[in-house]
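> Here it is, the structure, as structure tokens.
Please treat every number below as a calculation from the coordinates, not as lab data. Just so you know, these numbers come straight off a predicted model, no measurement behind them. Note that we place each Cβ from the backbone using ideal geometry, even for glycine, and neighbour counts take in every protein chain shown.
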């Protein structure tokens, strides 16, 4: 498995499509934790917890049934503060539906927060 974030987001999407109540995402990473915190803050997932298994650990995530699609953006395109519209049209189905997660110099945040702060960064993933 080369891209653990892509594998975890695919597991989230498939579990939502199956109608499951929770999903176990492993291996755990700091990037996955930050992405899950953003998803939780925006209401796409419920509570989650880290379970230490003496290896890399795993996250147990409660699902809310709001995810229609999610995935990583490969390659991780650099986005300037002026070009958000282009990538919104490319990865999101409609205006104000879902969001992009972007890595900026101020940490991971949604593309809406990055637009408000007038910063650019690299695209990480999307969800709607």
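> So what's the gap between the Cα centers of region 1-34 and region 77-124, to the nearest angstrom?
21
> Now, a different point. Would you mind estimating how fast region 73-127 diffuses translationally, via Stokes-Einstein at 4 °C and 1.567 mPa s with the Kirkwood radius over Cα pairs, in µm²/s?
D, rounded to a whole number, is 120 µm²/s.
> Sorted from fewest to most neighbouring beta carbons within 10 Å, what does the list 44, 128 look like?
Fewest to most other Cβ atoms nearby, the residues stand as 128, 44.
> For the chain, modelled as a GNM with alpha-carbon contacts under 10 angstrom, which of 81, 94, 54 fluctuates the most?
Comparing 81, 94, 54 in the GNM, the peak value goes to 54.
> For region 1-73, calculate the relative contact order in percent as a whole number, restricting contacts to Cα pairs under 8 Å that are 6 or more residues apart.
Rounded, it is 39 percent for region 1-73.
> Could you please rank 22, 8, placing first whichever residue has the fewest other Cβ atoms within 10 Å of its Cβ?
The fewest-first ordering by Cβ neighbours comes to 22, 8.
> With a 10 Å Cβ neighbour count serving as the proxy for reagent exposure, in which order, fewest first, do 49, 113 appear?
Result, fewest neighbours first: 49, 113.
> If I build a Gaussian network model for the chain, linking alpha-carbon pairs within less than 10 angstrom, which residue out of 76, 66, 86 has the largest mean-square fluctuation?
86
> In addition: Between helix 30-41 and the chain, what is the angle of the helix's C-alpha long axis to the longest principal axis, kept within 0 to 90° and rounded to the nearest 10?
Long axis of 30-41 versus the principal axis of the chain: about 80 degrees.
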